[in-house]
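Input: a single structure, listed below in structure tokens.
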Amino acid sequence: MKKEMSLRIPLNERIKCSVNDFIVTLANALSHCVEEEISPAQTLRILHAIIAFTFLVFSYGNVLFSVLFLIWFALTLVDCKRAGLSNQPKV
């Protein structure tokens, strides 16, 4: 009788690996664009700011949503600044 070992990975582990691979690929692409090393954590913060800005732009018709999305966008910018992301060149 043959012994067979199954190397099946659970679904949640496969999803984590796929998302992690996507984030690392996106970090590499951003690093290439700005010619500076960007970590996956910084990539997630940048992506968060982009999403907040997009929602702010498309909420133009409703004042309440515009104010809420403006606050959200401002908080994401503060988070990026606190994490060390800035638009000032490093010397």
With the first residue restricted to region 53-66 and required to be on the phi > 0 side of the Ramachandran plot, and the second required to be assigned to a loop (DSSP other than H, G, I, E, B) and surrounded by 11 or more Cβ atoms within 10 Å (Cβ to Cβ), Cβ contacts under 8 Å at 6 or more apart or on different chains are none
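Each row is one residue, and each column tells you yes or no for (1) at pLDDT 95 or above; (2) not hydrophobic (A, V, I, L, M, F, W, C).
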site	(1), (2)
Ser6	no, yes
Asn12	no, yes
Asn20	no, yes
Glu36	no, yes
Thr54	yes, yes
Ser59	no, yes
Asp79	no, yes
Val91	no, no
Of the residues in region 22-50 that are acidic (Asp, Glu) and open to solvent by 100 Å² or more (accessible area, probe 1.4 Å), the one that is farthest from the chain's Cα centre (by Cα) is Glu35
Counted residues in region 51-91 being within 26 Å of Asp21 (Cα to Cα), open to solvent by less than 90 Å² (accessible area, probe 1.4 Å) and not hydroxyl-bearing (Ser, Thr, Tyr) come to 8
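The values are calculated or read from the model by the stated rules, or taken from the named source; none is laboratory data. Since we're looking at a predicted model, the values are computed, not measured. Note that each Cβ is placed from the backbone with ideal geometry, even for glycine, and that neighbours are counted across all protein chains shown. Keep in mind that these areas ignore ligands, DNA and RNA; they rest on the heavy atoms of the full protein, side chains included. Shrake-Rupley method; radii C 1.70, N 1.55, O 1.52, S 1.80 Å.
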